[in-house]
1. Output the residue which, of all residues in the range 247-292 that are within 16 Å of G144 (Cβ to Cβ) and of a type in the set (F, W, Y), is surrounded by the fewest Cβ atoms within 10 Å (Cβ to Cβ).
2. If you take the residues in the range 259-289 that are small (G, A, S) and either in contact (Cβ under 8 Å) with a residue 40 or more places away in the chain or assigned by TED's automatic domain parsing to the domain that holds D88 (or both), which one is farthest from M200 (Cα to Cα)?
3. When the range 251-306 is examined, which residues are found to be assigned to a helix (DSSP H, G or I) and either small (G, A, S) or within 25 Å of I93 (Cβ to Cβ) (or both)?
4. How many residues are β-branched (V, I, T), over 17 Å from L270 (Cβ atoms) and under 26 Å from the mean Cα position of the chain (by Cα) when one looks only at the range 173-210?
5. Does the range 34-63 hold any residues that are without any contact (Cβ under 8 Å) to a residue 40 or more places away in the chain and in contact with a strand residue (DSSP E or B) (Cβ under 8 Å, 6 or more places away or on another chain), and which are they?
6. If I ask for residues that are in contact with a Lys or Arg (Cβ under 6 Å, 6 or more places away or on another chain) and either among the hydrophobic types (A, V, I, L, M, F, W, C) or in a helix (DSSP H, G or I) (or both), which ones from the range 19-68 would you list?
7. Pairs needed: first member in the range 239-258, on the phi > 0 side of the Ramachandran plot; second member anywhere, among the small types (G, A, S); C-beta distance under 7 Å; at least 6 residues apart or different chains.
Amino acid sequence: MKKIDLIVKEAEEEMRLDVFLTDKMQDFTRSYIQTLIKSQYVKVNNNKDIKANYRVKYNDVIEVVIPSSKPEEILEEPIPLDILYEDDYIAIIDKPKGMVVHPASGNYSGTLVNALLYHFDKLSNIGGEIRPGIVHRLDKDTSGLLIVAKCNEVHKELARQLKARKITRIYWTIVEGNIKEDGGTIDTLVGRHPVNRRRMAVLGSGSGRRAVTHFKVLKRFEDYTLVEVKLETGRTHQIRVHMSHMGNPIVGDILYGPKRQRFNVEGQVLHAKELAFSHPVTGEYMNFQARLPDYFLRLLKILKNK
């Protein structure tokens, strides 16, 4: 960890804090400086609750801490986590809706990884420096259970179980319309949409990768269905693509469903409710279930009262 102390000169007064620091610390980008400020690694007159657009004053005393043990753009942040289980090798996290799993270009703060770096002293690094501990991921607006690996050997074993389809992943979702069948399996090829590169799509023979989703109807409402979904494979956006392909897009999913939504929900109503696997070190069979989050329960209450 490195600390830099600076005092604002009279000629520098009224500069934005991020601009001032970028000028003084030319080894670092402005976006990285902004991340430092947001993560409260910067103090002005011993106050760390400061914004990047703060206008510095003559004789302001500025202290900047540069974490030395983390990748340049990724900082540990004291973000609360719902940790359902933890031992020396793994942790099980119940990720909230709206949280990005790992940093990406233009988004290096507020992610699950930023929180993991704060809460855990050790994490695997097999996935690269921007994905420490991340064995599998969930979309930003998908809530629910994730496994975190604390060392590389554990990460490798969990990845092996995933590839061998030995990890049970069960989701609950609410979809548009009534599904007539009580259950079934969707088995298609899924790949990047040929036109809209933000989307995935069901593709024809010879394209994409096999994606298998099992579903079971839990309850039917007037125009909606509560569904349990079990993943056999884990392709990007798999459940969202398959539900849309059936003609029953997930409520709130404006990427694969209607742009105009009836209910006030942010993003798809999709929750990773259950995880089951063999402990990567002890071999013990483990099963974790997450409660339904508030946003999901609110929508169910609305549908039950219709």
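The values are calculated or read from the model by the stated rules, or taken from the named source; none is laboratory data. What you see is a predicted model, and the numbers here were worked out from it, not measured in a lab. With ideal geometry, Cβ positions are generated from the backbone for all residues, glycine too; neighbour counts draw on all protein chains shown.
1. Within the range 247-292, the match that is surrounded by the fewest Cβ atoms within 10 Å (Cβ to Cβ) is F288.
2. Of all residues in the range 259-289, those small (G, A, S) come to 267, 272, 276, 278, 283.
From what's left, either in contact (Cβ under 8 Å) with a residue 40 or more places away in the chain or assigned by TED's automatic domain parsing to the domain that holds D88 (or both): 267, 272, 276, 278.
Numbers: G267: 16, A272: 20, A276: 27, S278: 31 Å.
The selected residue is S278.
3. First pass over the range 251-306, keeping only residues assigned to a helix (DSSP H, G or I): 294-304.
Within the range 251-306, D294, Y295, F296, L297, R298, L299, L300 qualify.
4. Narrowing the range 173-210 to residues β-branched (V, I, T): 173-175, 179, 185-186, 188, 190, 195, 202.
This time we only want the ones that are over 17 Å from L270 (Cβ atoms), so: 185, 188, 195, 202.
With the extra rule that they be under 26 Å from the mean Cα position of the chain (by Cα), the set shrinks to 188, 195, 202.
Number satisfying all stated conditions: 3.
5. Step one: filter the range 34-63 for residues without any contact (Cβ under 8 Å) to a residue 40 or more places away in the chain, giving 34, 36-37, 40-54.
If the condition is that a residue be without any contact (Cβ under 8 Å) to a residue 40 or more places away in the chain and in contact with a strand residue (DSSP E or B) (Cβ under 8 Å, 6 or more places away or on another chain), then L36, Y41, V42, K43, V44, N45, N46, K48, I50, A52, N53, Y54 are the ones that fit.
6. Across the range 19-68, the qualifying residues are T22, V65, I66.
7. The qualifying pairs are G247/G177; G252/G267.
To keep it simple, each residue is scored yes or no on (1) over 24 Å from K97 (Cα atoms); (2) among the β-branched types (V, I, T); (3) out of contact with any Lys or Arg (no Cβ under 9 Å at 6 or more places or on another chain).
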| residue | (1), (2), (3) |
| --- | --- |
| N178 | yes, no, no |
| R197 | no, no, yes |
| G208 | yes, no, no |
| F215 | no, no, no |
